[in-house]
1. Given Leu38, Leu46, which one is in a helix (DSSP H, G or I), at pLDDT below 95 and touching a helix residue (DSSP H, G or I) at 6+ places or on another chain (Cβ under 8 Å)?
2. Go through (1) open to solvent by 40 Å² or more (accessible area, probe 1.4 Å); (2) modelled with pLDDT of 90 or more and name the single condition Leu9 misses.
3. Find the residue count for the stretch 54-76, including only residues that are within 20 Å of Ser97 (Cβ to Cβ), out of contact with any Phe, Trp or Tyr (no Cβ under 7 Å at 6 or more places or on another chain) and open to solvent by less than 60 Å² (accessible area, probe 1.4 Å).
4. Please go through the stretch 75-98 and give me each residue that is within 11 Å of Pro35 (Cα to Cα) and assigned to a loop (DSSP other than H, G, I, E, B), ordered by number.
5. Counting just the residues of the stretch 86-98 that are modelled with pLDDT under 95 and of a type outside the set (A, V, I, L, M, F, W, C), which one comes out surrounded by the fewest Cβ atoms within 10 Å (Cβ to Cβ)?
6. Looking at (1) part of a helix (DSSP H, G or I); (2) surrounded by 15 or more Cβ atoms within 10 Å (Cβ to Cβ), which is the one condition that is false for Pro51?
Amino acid sequence: MKKLSITGLRLWLLVVAIAALLIGARVTEAVTCSPTELSPCVTAILSGMPPSSACCSKLREQKPCLCGYLRNPNLKPYVQSPNAKKVASACGVAFPSC
C-alpha cells in the first residue's frame with residue numbers, strides 16, 4: 001500500500017471536509033406549512049399597515065408554502081390580495097409565481 005505524503009494527506013482531509021460541508025448544507029429543517037403561522041401578518045394584510053418584524057420572520061419561514069396556500073380556494077383571495085403582495089415586498093420576500 002502506498003503511503004500518503006503530508007501534502008497528499010492534507011489534500012485528502014480537505015476534500016473530506018469540503019464533502020462533509022456540502023452534505024451538511026443540503027440538510028435543512030422541514031417547514032410545517034400551516035397558514036396559522038402567518039397570524040402575525042393578518043393585521044398588515046387586512047388593513048394595509050406595514051408588517052411587523054414577527055410577520056416578516058414568519059413570512060420568510062413560510063415562503064416554501066405560499067404556492068400551496070395559493071392553490072387553496074379559501075386562502076387564495078388573502079394570499080393574492082394587493083395588501084399581501086405589499087407585505088411580501090416590504091419583508092423582502094419575492095411573491096411566488098406558481
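The values are calculated or read from the model by the stated rules, or taken from the named source; none is laboratory data. Predicted model, so just to flag it, every value in this text is computed and none were measured. Cβ placement follows ideal geometry from the backbone for every residue including glycine, while neighbour counts extend to all protein chains displayed. The accessibility values were calculated without ligands, DNA or RNA, using every heavy atom of the protein model including side chains. Shrake-Rupley method; radii C 1.70, N 1.55, O 1.52, S 1.80 Å.
1. Values: Leu38 fails: at pLDDT below 95.
Step by step, each of Leu38, Leu46 is checked, and only Leu46 is in a helix (DSSP H, G or I), at pLDDT below 95 and touching a helix residue (DSSP H, G or I) at 6+ places or on another chain (Cβ under 8 Å).
2. Status for Leu9: all satisfied but (2).
3. 9
4. Leu75
5. Here the residue is Ser97.
6. (1)
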